[in-house]
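Comments concern the structure below.
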Amino acid sequence: MILQLEQICKEYIQGSMRVSVLKNITFFMEEGEYVAVMGPSGSGKTTLMNIIGCLDQATSGTYCLDGKDIKTCSEAQMADIRLRKIGFVFQNFNLLPRQNALENVELPLTYAKIPKKERRQRAEEALCRVGLKDRIRFLPSQLSGGQKQRVAIARALVNHPKLLLADEPTGALDSRSGEQVMELFQKLNEEGTSILMITHDADVSSRAKRRVLIRDGILRQEDME
Ligand code: ADP
Ligand code: MG
């Protein structure tokens with residue numbers, strides 16, 4: 001089991017108010033699955049992604065990633081898990097503007113202290129895998145939105161993560177580029193990558209093999225709606 005969330009709650013304190021954003025979320029995901037979390041804006045999707053991505057901790061409940069209980073982890077251990085086990089894809093790509101595609105993809109390998117030669121080779125392979133062999137020296141400003149997102153996906157994959165975690169990956173793309181990203185996700189999943197994709201778009205969510213719905217911080221399986 002790659003993800004085990006049991007009775008996860010997240011509360012924020014706003015002045016004297018306690019705001020409950022995630023309410024008793026229980027969710028399991030096996031390795032190799034492709035799951036979409038679908039819900040409207042403000043339903044708690046990004047809050048949930050931040051917990052699953054070890055960017056934030058739950059207020060209560062149990063979360064295990066790849067068998068490891070995250071509550072017992074220090075900040076440094078969480079950073080290490082993010083680096084080694086999770087590939088992140090964001091709506092707005094989050095590429096470094098002054099680094100070319102290859103350098104952007106190399107970044108997680110630099111953090112992981114992989115030697116330069118191997119870094120270069122693995123980054124090139126990852127860019128080939130997403131169909132950008134002929135764009136490796138391009139700066140983000142010289143790439144289309146869809147190409148930027150594919151660079152971001154190459155960066156997410158380059159460290160061979162256990163889980164690809166995507167928050168609204170097509171949210172900033174036109175429909176054709178969005179379709180290419182969806183086709184790429186499908187290919188990566190067929191090759192064995194576990195994918196958890198967060199979206200407010202029903203068409204996008206229908207591309208996953210399983211869907212769960214979130215509304216007002218409550219998660220449910222699609223067939224229970
Ligand atoms: P989504 O990604 O589904 O649009 P979010 O997870 O970003 O939703 O937000 C869910 C709810 O949590 C919103 O009502 C938002 O205002 C609230 N929220 C998110 N982050 C914080 C925070 N740091 N402090 C207080 N409230 C927050
Ligand atoms: Mg969001």
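Tabulated data for the structure shown
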| quantity | calculated |
| --- | --- |
| Per-peptide average of other Cβ atoms within 10 Å, ordering 19-31, 36-48 highest first | 36-48, 19-31 |
| Relative contact order (%) - the chain, alpha-carbon pairs under 8 angstrom, separation at least six | 29 |
| Ascending count of other beta-carbon atoms within 10 Å, so fewest first, for TYR111, TYR34, TYR12 | TYR12, TYR111, TYR34 |
| Trypsin sites (Lys or Arg not before Pro) within the range 137-175: DSSP coil, no more than 10 neighbouring Cβ in 10 Å | ARG137 |
| Ratio Rg/Rh [Cα only; Rh per Kirkwood] for the range 92-171 | 0.93 |
| Computed over the chain, the ratio Rg/Rh where both radii use C-alpha atoms and Rh is Kirkwood | 0.97 |
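No value in this document is a laboratory result; all are computed from the given coordinates. Remember, predicted model here, so these are calculated numbers, not experimental data. Please note: Cβ atoms are built from the backbone with ideal geometry, for glycine as well, and neighbour counts cover all protein chains shown.
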